[in-house]
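Every number here is computed from the coordinates shown, using simple stated rules; none is lab data. This is a predicted model, so every value here is computed, not measured. Note: ideal-geometry Cβ built from the backbone for every residue, glycine included; neighbour counts use all protein chains shown.
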Amino acid sequence: MTAGTGQHWRIPIGLALVLKLAGCTTLGPDFTPPQTPEPTDWLVQDDALFGESPAQADWWKVFNDPVLDSLIQTAYEQNLPLQVAGLRILEARAQLGIAVGNRYPQLQQAVGSVTAVELSKNSPNFIPLTDDSFTNYQVGFDAAWELDFWGRFRRGIEAAEANLAVSLADYDNALVSLTAEVARAYVNIRTLEERLTLARTNIGLQQESLRIAQVRFDNGATTELDVQQATTNLANTQALVPVLLKSLRQANNGLSILLGMPPADLTQRLGGSGTIPVVSAEVAAGIPADLLRRRPDVRQAESRAASQSALIGVAEADLYPSFSLLGSIGYQTSDTFNSSAGDLFDSDSLFFSAGPAFSWNILNYGRIRNNVRIQDARLQQALVNYRNTVLTAYQEVEDARVAFIQSQQESKFRATSARAAARSTELANIEYREGSVDFQRVVDSERSRVTQQDEWTSTRGDIALNLIAMYKALGGGWEMREGQAFVSEENSNEMAERTNWGDLLEPAAAK
């Protein structure tokens, strides 16, 4: 509709009805979290694990190891993949802002132009009295607003909100994995250090055995066979040292990367060689009902399904006509006849137009309907994936529980075996010096001592590793980010210098 000076802005009755009805209809399904089986108790029961909810926000403190506490705090502040996960939250927050903005006029632009025009005198419709050379001046404002008649934009906001929840859960999941991996690397380092100490102790004992065998051979009490057997046994144990040193160096390198730094010597940060962290005899492991509320990956899978559910409504909206309001207003003049550029803002130069419009892709019905089917199939995939995520979560907890319990039992037997092997070595050496047994008995006992002590040490490390796995499976550790920024101050400052982020860089903006 167009009008000049003195005319009134009129809204047709049909347009008023469209405005009234817009927002009353929302296509697509309303998301309902899928139901999954929820066991009432864990399969594996043991007195060492009781059902009270554990303090999982800082579960690593059950080891009572200040070095481990410091490492996890450093990793939280400096780990690069975690920072990337935090940046994805800012991205999702900005995308939500776009989705919210779609509910308001989608096109809002100020326009202006100065156009020099030269008409062709040889054109078939040229009028000699026409001013064939002039300059046109125009300034104004255009707007277009597609009404959210079928809930397309409301569903888009739902999808964006769910995507923000996905990014938050992804960050929490990364934090759960990070705390567990730092603790795992630390336990591996301490286990390797103890194994290395034992290997060097046994090397010293076997060097003494070789010395005795050499003395007895030099005195003619034995054959060279004893010396060669002692040499073989010693060299075999010595070969453990470079293997353990290699693993220790690699474990240090891996921990360095988790801490957000290049591979470095962490000896000073670790406080020198230490012992394997020891856990208390009883550990709170929670109940199955806690699991779905705590695991970030379960929340992430649910949010993905919710986002996909909303996209069905977005796709279904294309099956129906879209209604829009279009308008423009401005001033226009030219330097022809009695007008000039100075008259641009005179009342006679005012122009405006406004009115409703609609469009309907009725010829694309088949493609649109198939797109709805695609979105529905993706929703069903997300629902099935959610159920599988829940099942996997229960499995991981059960696996970690049984591993923790059985590794404790294994450690008891390994301890007995290691002590017996050590005593056997002492007796064999005494009897050999007295000449009552041959050197083969010494070789066998020393070899057994090395093996049993090494396996006992590894099993003690496994106890701690399995407890770490259990807390990771329970979804512990992400609470440490509460009240904290998702992006480091360094990244935040760099982004603020480059782009106007408004208040989105504030910690509370992405919650």
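The table for this structure:
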| quantity | calculated |
| --- | --- |
| Estimated dipole of the chain in Debye, rounded to 20 [Cβ of Lys and Arg +1, of Asp and Glu -1, Cα centre] | 900 |
| Computed magnitude of the charge dipole of region 333-466 (debye, nearest 20; Cβ of K, R +1, Cβ of D, E -1) | 820 |
| Within the chain, longest stretch free of exposed GluC sites (Glu not before Pro) [DSSP loop, at most 13 other beta carbons within 10 Å] | 53-281 |
| Relative packing of peptides 256-263, 293-300 - highest average C-beta neighbours within 10 Å first | 293-300, 256-263 |
| Order of Val243, Val62 under a 10 Å beta carbon neighbour criterion, fewest first | Val243, Val62 |
| Neighbour-count order for Leu311, Leu467, fewest beta carbons within 10 angstrom listed first | Leu311, Leu467 |
| Per-residue ³J(HN,Hα) for region 172-187, Karplus 6.51 cos²θ - 1.76 cosθ + 1.60, θ = phi - 60°, Hz, x for Gly and Pro | 4, 5, 5, 6, 4, 5, 5, 4, 5, 5, 5, 5, 5, 4, 5, 5 |
| Under Karplus coefficients 6.51, -1.76 and 1.60, residue-wise ³J(HN,Hα) of region 62-73 in Hz, glycine/proline x | 5, 7, 6, 10, x, 5, 4, 4, 5, 5, 5, 5 |
| For Asn136, residues with placed amide H under 5 Å, excluding near neighbours | Thr115, Ala116, Val117 |
| Within straight-line cross-link reach of Lys121, aspartates and glutamates at Cα separation under 14 Å, skipping those fewer than 8 residues along the same chain | Asp131, Asp132 |
| Ranked Asp218, Asp132, criterion: other C-beta atoms within 10 Å, fewest first | Asp218, Asp132 |
| For region 431-445, Karplus couplings with θ = phi - 60° (6.51, -1.76, 1.60), whole Hz, Gly/Pro x | 5, 5, 4, 7, x, 8, 9, 7, 6, 4, 5, 5, 4, 4, 5 |
